[in-house]
Amino acid sequence: MVYQKHQSILKTFDKIENLFQIFDGAGYKTMGRSQRPEVFRFLDFEPYITPLCPYTRRQHLGALEDFTDSLKSAGEEPQFCFLHIWYTHSGYGMEGIQPAPNLEELVKLGKVEDALRFYYASVTHALEYMLVEVLKALSLDQWEVFIFGDHGDGFCEEGTYHGDNLHQNVAHVPLLVNIPRMEQPVFPVNGLVSMIDLFPTILSLVGLDTNYRGYGRNLLGDPEEFQDRWVLSELDNLYDV
């Protein structure tokens, strides 16, 4: 999977409805929770996202109970939910965790295995102790679930973090999917898929037509559309300017 991230270019979203707005307008209960909600500041979907645990100051120490209780409280009402886990983000994502390891410094010192040990530990925590508990709280025969990352990190001499170059370690991220009522979903296996494909795929699954004319493609659509496909991943060289 190749990602496309353009969070800091606010004009990208001008006059384009996001999934929160679309599902909200369609009568869904919408909810966004994040371990670091301030990273979404100034974006048009910022009002939909609140802290993962409203009772905790340091979100990486927060509990999932409030989030899972909110999922269950809707009953039969259709829902659209977004969960953003920040703790796995190497470098500044681990701020507040003492002693916070400097993974870039470890790589520069040739201690790549030590840096990866910290990173793998955070990923294991997110997968085994957070996402598994959320999935256990859901009736998976009633929920479409997409688990994905927005970018990877380098952990190599060519680039430790994302944002410096388009190294393979940075551009390729996981995509895990649960789609009920489909015994054997067929994803395109001979071409690239991208985060931009999630938008039309999710809307297609729930039958919402927004007259989408973007570059994303329905992952459950024609596999021919993914063969010999180019997907753009762009670095923002004006970040924070």
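Derivation of every value follows stated rules applied to the coordinates shown; laboratory data play no part. These figures come from a predicted structure and were not determined experimentally. As a convention, Cβ positions derive from the backbone with ideal geometry for all residues, glycine included, and neighbour counts pool all protein chains shown.
Note on the stretch 26-150: Cα convex hull, mean projected area over all directions, 9.1 nm².
Projecting the alpha carbon convex hull of the stretch 117-216 along each direction and taking the average yields 8.7 nm². Each Lys or Arg adds one and each Asp or Glu subtracts one; over the other residues with Cβ under 15 Å from the Cβ of residue 73, this totals -2. Near residue 105: Cβ cut-off under 11 Å, other residues only, Lys/Arg at +1 and Asp/Glu at -1. The net charge is 0.
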